[in-house]
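A quick write-up on the structure given underneath.
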Amino acid sequence: MLTTNPQALRTQEGIIVEMDSAPVDTLLEREWLLTNSRGGFSSGTVIGCNTRRYHGLLTGTLTPPANRIMALSFCHESVSVDGNEIILSNCEFPDHLAVQGMKTVSRFRRDIGVHWDYDLGVATLAKSLYLLPDNDTVALVYQFPFVQKSFDLRIRPLVGLRDFHALQKSQTRLVAVWKEDRWVVRTEAGYTGQLVLFGEPMEFVQDGQWWYNFHYRIERQRGQDCVEDLWSPGHYHARIDRPCQLIVWASLLAPEAEIRHDSYDLDTVIDALRLREKELVPENLAADPAAQRLCVAAGQLVTERRIQGRLSPTIVAGYPWFLDWGRDAMIALPGLLLCPRRFEEAAGVLTTFARFVSEGMVPNCFDDYGGNPHYNSIDASMWFVHACFEYLRVSKDHSTFESKLLPAIRNIIEAYRRGTRFGIHADGDGLITGGDAATQLTWMDAKCCGVTFTPRYGKAVEVNALWYHNLCHLADYYRGRNADEAEYFGHFAGRVAISFRQVFCNQKLGYLNDCILPDGSADSSLRPNQIYAVSLSHSPLASNWQQKVVDVVEKELLTPYGLRTLSPHDPRYRGRYEGDQMSRDGAYHQGTVWSHLMGPFIEAFLRVNHFDRISRIEAREFLQPLLDHLTGSGCLGSISEIFEGDEPHAPRGCFAQAWSVAEVLRAYCLVSK
């Protein structure tokens, strides 16, 4: 049975789900994810029934990490014994759940791949899926260690070959051609690439047909189109009469790519995956199982982007649907790359974004289809400066910092002081202001049908906490290097601190205002953004106010999975994240819990308690539910983007979020020192 005790799911074999007596609906909420360095991925549920348009055995990238194509959805598998068919796969249709495969599958396991164990009566089957680390190729492996009686195996690939945000329909014309000893599937239009299929040692029976009306329940819950047709070029067939191993290889190639007679060795693939996982965990964390799992989860979110003809590391904000966002990458970088001591990749990410600084702004996101980056964030540049100084502090790499990062930092600080896009500038009191009622420039950026749900224009509390923090960093950096610069930034920071306390400290309510509007009025909504005024290493607040902030955030906003985005006592509070996009966006920052906010809360909690032993023990207890979530719910082996504000705080949004994993790892390192 599926245990509800997360500890039972963690073994040296990986994360295990026993399925023989678990409710199907529970199993359908357990997901898995494999990723590669290109931004390609494989994902699904532990029973193999796809519940999202983003689920599939192979989603590749035509312009890494963008232009993702859901190429191979799943394989319909069956065995025939004495004329009796046993179906191994599971799927859902609008009017029924077809889970005949549940009769024979006994458990799921995730390590460097994903694995299912079956008892077929006449044989045992261990099915495995591996995603190659640097290639949009999967190996679907069928191992029969015990065969009592001969039978026939059929494996029918079901092909999507469509944009991963879309759904396939039977009006699309797909064709399969035999080329260089393998089958090549493409659409008639051709722009979604080529799916190359190769089975060994099996025969392929060409039998093209459409399968209709696959239903994705999570898409229905999200108010999206939820029914898809899939095409099959035919099926693989093998007669099994002794223990053996069969493999179906599937690769996504660009539309113009030449079909080569490539061959892969499974043992080499497995060795490469094991080596990659080992390299993700630094020696100082290798003996700690929780830290090890977090480092592996972090590694799934680091990918590459081709810039000016060369590959550069970047951070995918979240799977299954986000690409590399500037704000997310900079918040995530200390946890994802500095805690595991992956300094070369950290430098690569920072220099990549530094090259794209425009008018003092780093990109908030890169285009899904490889177009120009988008500059629409007031805080991404501030997080970039913070991440650069964190990189210098941890890596001691003065050369990269001074030659490649410091010029971008100075560009940003001067542009913010003088003025840049969206009216972003330092006001007369030294504080940063920007935006208007129609913009969504902070991380609380939900907008739908022309409605900006949390505009937060003017002076946002976390932006100005970061502004002060970064000015202090520059003053500290120049101290002993350039007295004039040190004095300038130190004086500027002092003026900002005075203004910060004057406008944000709400004496009546005992916490910080969330935003100061251009007319000088205060938005005193009780939100978690104020926690950064305590968690950052340079705080503009006196110690008594730091304590007040931590106390009110703990009392009103803290949940087992992060901080609520709005107090439950606020009439605008939304405790459920559900329904169509308008409904979901309306709840996104109006009470929904964000797991990455556990990081700054724990750091702030430790700071006001002087990082003493007792506070580390308490902070470790705050963190435990998210560590349990990592292996016990949602996407096994990762951490969800958000959770509902109301109990039981169901996981929602992206099932593997970069800054969620990063901040939990960073907080874990803080409490474990």
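Computed quantities for the displayed model
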{"read-out": "Test: residue in the stretch 448-462 that is surrounded by 15 or more Cβ atoms within 10 Å (Cβ to Cβ) and in a helix (DSSP H, G or I)", "value": "yes"}
{"read-out": "Verdict on TYR118 being in contact (Cβ under 8 Å) with a residue 60 or more places away in the chain, surrounded by 21 or more Cβ atoms within 10 Å (Cβ to Cβ) and not in a loop (DSSP other than H, G, I, E, B)", "value": "no"}
{"read-out": "Flag for VAL147 being farther than 16 Å from ILE247 by Cα, in contact with a strand residue (DSSP E or B) (Cβ under 7 Å, 6 or more places away or on another chain) and surrounded by fewer than 23 Cβ atoms within 10 Å (Cβ to Cβ)", "value": "yes"}
{"read-out": "Inter-residue pairs, beta-carbon under 8 Å, first closer than 14 Å to PRO255 by Cα and in the stretch 174-186, second outside any strand (DSSP E or B), 6+ apart", "value": "LEU174/GLU188; VAL175/GLU188; VAL184/ILE259; ARG186/THR192; ARG186/GLY193; ARG186/PRO255"}
{"read-out": "Number of the exception - TYR236 against (1) of a type outside the set (Gly, Ala, Ser); (2) without any contact (Cβ under 8 Å) to a residue 12 or more places away in the chain; (3) under 23 Å from VAL122 (Cα atoms)", "value": "(2)"}
{"read-out": "Every residue from the stretch 392-433 that is touching a helix residue (DSSP H, G or I) at 6+ places or on another chain (Cβ under 6 Å) and not in a helix (DSSP H, G or I)", "value": "ALA426, ASP429, GLY430, LEU431, ILE432"}
{"read-out": "Residue that is surrounded by the fewest Cβ atoms within 10 Å (Cβ to Cβ) [pool: residues in the stretch 565-586 that are in contact (Cβ under 8 Å) with a residue 60 or more places away in the chain and among the small types (Gly, Ala, Ser)]", "value": "GLY579"}
{"read-out": "Hits in the stretch 240-259 - residues which are within 20 Å of ALA189 (Cα to Cα), surrounded by fewer than 19 Cβ atoms within 10 Å (Cβ to Cβ) and touching a strand residue (DSSP E or B) at 6+ places or on another chain (Cβ under 6 Å)", "value": "ALA254, ILE259"}
{"read-out": "Residue that is nearest to ILE247 (Cα to Cα), among those in the stretch 183-210 that are of a type in the set (Gly, Ala, Ser) and within 33 Å of the chain's Cα centre (by Cα)", "value": "GLY199"}
{"read-out": "The lone exception for PHE356 - which of (1) surrounded by fewer than 16 Cβ atoms within 10 Å (Cβ to Cβ); (2) free of Cβ contacts under 8 Å to residues at least 24 places away in the same chain it fails", "value": "(1)"}
{"read-out": "Count of residues meeting criterion [in contact with a strand residue (DSSP E or B) (Cβ under 9 Å, 6 or more places away or on another chain) and small (Gly, Ala, Ser)] in the stretch 214-233", "value": "1"}
{"read-out": "The stretch 188-217: number of residues that are buried (at least 19 other Cβ atoms within 10 Å of the Cβ), among the aliphatic types (A, V, I, L, M) and assigned to a loop (DSSP other than H, G, I, E, B)", "value": "1"}
{"read-out": "Residue list for the stretch 518-535, filter: part of a loop (DSSP other than H, G, I, E, B), out of contact with any helix residue (DSSP H, G or I) (no Cβ under 7 Å at 6 or more places or on another chain) and buried (at least 17 other Cβ atoms within 10 Å of the Cβ)", "value": "SER525, ARG527"}
{"read-out": "Checklist (1) buried (at least 24 other Cβ atoms within 10 Å of the Cβ); (2) touching a Ser or Thr at 6+ places or on another chain (Cβ under 9 Å); (3) in contact (Cβ under 8 Å) with a residue 60 or more places away in the chain applied to CYS472, failing item", "value": "(1)"}
{"read-out": "Every residue from the stretch 280-321 that is in a helix (DSSP H, G or I) and over 20 Å from the mean Cα position of the chain (by Cα)", "value": "GLU283, ASN284, LEU285, PRO289"}
{"read-out": "Residue in the stretch 21-38 that is farther than 21 Å from ARG222 by Cα, out of contact with any Ser or Thr (no Cβ under 6 Å at 6 or more places or on another chain), among the β-branched types (Val, Ile, Thr) and not in a loop (DSSP other than H, G, I, E, B) present", "value": "yes"}
{"read-out": "Qualifying residue in the stretch 536-552 (condition: of a type in the set (Gly, Ala, Ser) and surrounded by 20 or more Cβ atoms within 10 Å (Cβ to Cβ))", "value": "yes"}
{"read-out": "Filtered residues of the stretch 21-43 (kept if over 15 Å from the mean Cα position of the chain (by Cα) and touching a residue at least 24 places away in the same chain (Cβ under 8 Å))", "value": "VAL24, THR26, LEU27, LEU28, GLU29, ARG30"}
{"read-out": "Any hit, the stretch 168-187, residues being at pLDDT below 95, in the same structural domain as PHE74 (by TED's automatic domain parsing) and not in a strand (DSSP E or B)", "value": "yes"}
{"read-out": "Identity of the residue in the stretch 410-447, exposed (fewer than 15 other Cβ atoms within 10 Å of the Cβ) and of a type in the set (Lys, Arg), that ends up nearest to LEU597 (Cα to Cα)", "value": "ARG410"}
{"read-out": "Odd one out for ARG110, checked against (1) basic (Lys, Arg); (2) touching an Asp or Glu at 6+ places or on another chain (Cβ under 8 Å); (3) under 19 Å from THR51 (Cβ atoms)", "value": "(2)"}
{"read-out": "Cβ pairs under 9 Å, 6+ apart, first in the stretch 635-650 and part of a strand (DSSP E or B), second among the polar types (S, T, N, Q) and surrounded by fewer than 22 Cβ atoms within 10 Å (Cβ to Cβ)", "value": "PHE643/THR559"}
{"read-out": "Residue match in the stretch 618-629 (condition: of a type in the set (Gly, Ala, Ser), in contact (Cβ under 8 Å) with a residue 12 or more places away in the chain and in contact with a helix residue (DSSP H, G or I) (Cβ under 8 Å, 6 or more places away or on another chain))", "value": "yes"}
{"read-out": "Residues within the stretch 54-82 that are assigned to a loop (DSSP other than H, G, I, E, B) and of a type in the set (Phe, Trp, Tyr), tallied", "value": "1"}
{"read-out": "Subset of the stretch 508-517 [in contact (Cβ under 8 Å) with a residue 24 or more places away in the chain, under 17 Å from VAL553 (Cα atoms) and assigned to a loop (DSSP other than H, G, I, E, B)]", "value": "GLY510, ASN513, ASP514"}
{"read-out": "First in the stretch 79-90 and small (Gly, Ala, Ser), second anywhere and surrounded by fewer than 17 Cβ atoms within 10 Å (Cβ to Cβ), Cβ under 6 Å, 6 or more apart", "value": "SER80/ASP152"}
{"read-out": "Residue within the stretch 534-546 that is more than 16 Å from VAL608 (Cα to Cα) and touching a Lys or Arg at 6+ places or on another chain (Cβ under 8 Å) present", "value": "no"}
{"read-out": "From the options ASP229, ASP225, residue that is assigned by TED's automatic domain parsing to the domain that holds ALA98, acidic (Asp, Glu) and assigned to a loop (DSSP other than H, G, I, E, B)", "value": "ASP225"}
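The values are calculated or read from the model by the stated rules, or taken from the named source; none is laboratory data. All values derive from a computational prediction rather than experimental measurement. Glycine also receives a Cβ, built like all others from the backbone with ideal geometry; neighbour counts cover every protein chain displayed.
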